[in-house]
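Bear in mind that the values in this text are calculations on the coordinates, not laboratory data. The shown structure was predicted, so the numbers you read here are calculated from the model rather than taken from an experiment. In this analysis, Cβ positions are derived from the backbone assuming ideal geometry, glycine residues included, and neighbour counts consider all displayed protein chains.
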């Protein structure tokens, strides 16, 4: 079993997975914000993408930019087989951890 | 969509903060978000503030791994580095009785601060981590003794008090960073 992913790493990987061929910096940032339902700093997403790529969980390629970005290149990301396996393992670990746990009803103020 | 761009100086700051590999792609991503979302939705001023925040976040993450504690430690270590340098130079120039021991102390303060700043950039060096933990604790003890002495001395020396307090704070934050780093996960990068 490989090292378990942190919550933020999972959010970034899931955004890459869901976006498929359209996963580049900006769209991933928006995907992570939607997934976590909060504002996220772009720097945090780029740092995580770097780390995930170093771990071999995602791969990237450069493509030409569009006019709206001043012609600057886009880096597209795809999830690797190792990345998919890591997501499976993290999901299984969470399920295992929650098995048999009964949460008391949430107290309302 | 607008063709407006963020202020030039912000883009230059961003370029400085980014690794070469990401310069074109990240500036492109942020420009796209700025033009398509931030300016049309929030106006130029708030869009610029949003852009500046992204630049600051990227710079802090690149320099200190995203940890505010490391940022505080960098400030403290820089302070003690300057204070140690100043103390050492003054002792060497004035050569009051006992100056040699105080100059050696100043060198230790400089070495600890320099090592700390190096660790913040290099990370993950086990031997350096152990040396910094030991050195930080020793200098904090020295800081405590100095504060005790200066508070009971006939002549109050403010700089000794400041350096002593800085050394104690640096030790606390150093230990928190050195041993807190092992417990960090991907979550702190958010």
Under a Gaussian network model of chain A whose springs join Cα atoms within less than 10 Å, the largest fluctuation of A:16, A:40, A:32 belongs to A:40
What relative contact order, as a whole-number percentage, does chain A give when Cα pairs under 8 Å and 6 or more residues apart are counted?
-> 29 percent
Quick one: grab the alpha carbon gyration tensor of the range B:47-93, order the square roots of its eigenvalues as a ≥ b ≥ c, and give me rounded if a/c is under 1.5, else prolate or oblate depending on whether a/b is larger than b/c.
-> prolate
Compute the acute angle (0 to 90°) between the alpha-carbon long axis of helix A:7-19 and the principal axis of greatest extent of the alpha-carbon atoms of chain A; round to the nearest 10°.
-> 50 degrees
Mind pulling the angle between the C-alpha long axis of helix B:99-122 and the longest principal axis of chain B? Nearest 10 degrees, somewhere in 0 to 90.
-> 20 degrees
Once normalised by the length of chain B, the mean sequence separation of its alpha carbon contacts under 8 Å that are 6 or more apart gives a contact order in percent of 19 percent
Centre separation in Å (Cα based) which lies between the range A:45-109 and the range B:129-149 | 42 Å
In nm, to one decimal, how far is the modelled label at residue B:89 from the one at residue B:69, with both set 7 Å along Cα→Cβ?
-> 3.4 nm
Largest-first principal axis extents of the Cα set of the range B:8-64 (Å) = 31, 19, 17
Assuming a ≥ b ≥ c are the square roots of the Cα gyration tensor eigenvalues, decide whether chain A counts as rounded (a/c under 1.5), prolate (otherwise, with a/b larger than b/c) or oblate.
-> oblate
Taking all pairs of distinct alpha-carbon atoms in the range B:68-189, Kirkwood radius in angstrom = 15.0 Å
Acute angle (nearest 10 degrees) that the helix B:23-33 long axis makes with the longest principal axis of chain B, alpha-carbon atoms = 60 degrees
Work out, step by step, the length gained on full extension between residue A:22 and residue A:34: first 0.36 nm times the residue separation, then minus their alpha carbon distance; give nm to one decimal.
-> 2.8 nm
With N set to the residue count of the range A:53-109, report its C-alpha Rg divided by 2.2 N^0.38 Å to two decimal places.
-> 1.96
Computed Kirkwood radius, in angstrom, where 1/r is averaged over Cα pairs of the protein assembly as shown | 22.4 Å
Model label zone, residue A:59; criterion: amide N under 16 Å from point 7 Å along Cα-to-beta-carbon; scope the range A:3-34 = A:17, A:20-23
Based on DSSP H runs of at least 4 residues, each adding -39500 (n - 2.57), what is the mean residue ellipticity at 222 nm of chain A after dividing by all its residues, to the nearest 500 deg cm²/dmol?
-> -16500 deg cm²/dmol
Mind checking the full-extension length gain between residue B:108 and residue B:44? Use 0.36 nm per residue of separation minus the Cα-Cα distance, one decimal, nm.
-> 18.0 nm
Placing each pseudo-label 7 Å from Cα in the direction of the beta carbon, residue A:105 and residue B:161 end up separated by a distance in nanometres of 5.8 nm
What FRET efficiency, computed as 1/(1 + (r/R0)^6) with R0 = 35 Å and r the Cβ-Cβ distance, is obtained for residue A:66 and residue A:89, rounded to the nearest 0.05?
-> 0.45
